[in-house]
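Novice: Input: one structure, supplied below.
Values quoted throughout were computed directly from the atomic coordinates according to the rules given, and no laboratory measurement underlies them. None of these values were measured; they are calculated from a predicted model. Note that each Cβ is placed from the backbone with ideal geometry, even for glycine, and that neighbours are counted across all protein chains shown.
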Amino acid sequence: MPYIPHLKNCHLFDGLKEEEIVVYRPATKLVSYKAGDTIMSEGERGNTLLILIKGTVTISKKLTLLNEEEGDTKDKTFITLTEEQKPFFGEMALLMEDSLRTATVTATTHCDIVIMEKESFLKVCVEHPTVGYKVMENIAKKLAANLERESKNVLKLTTAFSLVLQE
């Protein structure tokens with residue numbers, strides 16, 4: 001249980017005390033990755049949520065190059081996350097059936113990551129509904145913020161595209 005104190009600063013557990021967070025201990029395992037390891041790949045099926053507790057990761061997406069041969073893609077790094085942020089990712093896999101990963105996560109340094117598998121996570125939520133409700137609320141807040149950010153990005157891209165077409 002040595003990593004549980006690290007989780008109290010993770011936004012997944014906002015509003016919870018350490019003794020409430022500890023109920024998720026049976027649903028978690030600690031996994032280490034070396035620099036350069038792929039932690040998850042865009043397009044693969046997922047059923048786990050991951051919490052970075054040590055190290056740095058990059059999140060990238062494939063960009064399809066227009067007017068190139070089919071399948072010609074390039075990875076674009078969109079964000080770098082560090083242990084100081086105590087980020088969690090892969091949350092959609094806990095809520096959706098047959099969820100596909102929307103990005104690739106790569107370890108840029110040695111990383112220690114807490115992994116929660118969907119069935120174990122949901123079991124804890126059912127057994128501890130007050131704690132589970134709070135965690136689900138925190139996931140919903142993150143998803144809502146992501147949706148709001150992406151909606152703004154789509155608006156920016158649409159505006160830029162309109163301006164290009166007008167010229």
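Novice: How big is the dipole moment of the chain about its Cα centre under a simple scheme where the beta carbon of each Lys and Arg is +1, that of each Asp and Glu is -1, and everything else is neutral? Debye, nearest 20, please. Kindly include the intermediate steps, with their values, before the conclusion.
Specialist: On the way: 21 positive and 25 negative charges, 90 e Å.
Charge dipole of the chain: 440 debye, to the nearest 20.
Novice: Where does the longest stretch of the chain lie that holds no trypsin sites (Lys or Arg not before Pro) found in a DSSP loop with 13 or fewer other Cβ atoms within 10 Å? It would help to have the intermediate numbers written out before the result.
Specialist: Working: sites that count: Lys17, Lys34.
After excluding every exposed loop site, the longest remaining stretch is 35-167.
Novice: How do Glu83, Glu18 rank when sorted from fewest to most other Cβ atoms within 10 Å of their own Cβ? Could the numbers behind the result be given before it?
Specialist: On the way: Glu83 17, Glu18 11.
By the 10 Å Cβ count, ascending, the order reads Glu18, Glu83.
Novice: Using the charge dipole of the chain (Lys, Arg: +1 at Cβ; Asp, Glu: -1 at Cβ; taken about the Cα centre), state which of Thr158, Ile39, Ile51 has its Cα farthest towards the positive end.
Specialist: Ile51
Novice: For Leu147 and Lys123, what is the calculated FRET efficiency with R₀ set at 25 Å and r taken between the beta-carbons, to the nearest 0.05? Walk me through the numbers before you get to the answer.
Specialist: Details: r = 27 Å, r/R0 = 1.10.
That gives a FRET efficiency of 0.35.
Novice: Something else now. Please report the spacing between the Cα centers of the range 77-95 and the range 126-167 in Å, no decimals.
Specialist: 14 Å
Novice: For percent of Cα pairs over 26 Å apart, several values are listed as (i) 42; (ii) 35; (iii) 24; flag the one computed from this structure.
Specialist: (ii)
Novice: Let me ask you something else. Taking 0.36 nm per residue of separation and subtracting the Cα-Cα distance, what length does fully extending Ala160 through Thr77 add? Please report the intermediate quantities before stating the final value.
Specialist: Values: separation 83, 0.36 × 83 = 29.88 nm, distance 2.13 nm.
Going from the current span to full extension adds 27.8 nm.
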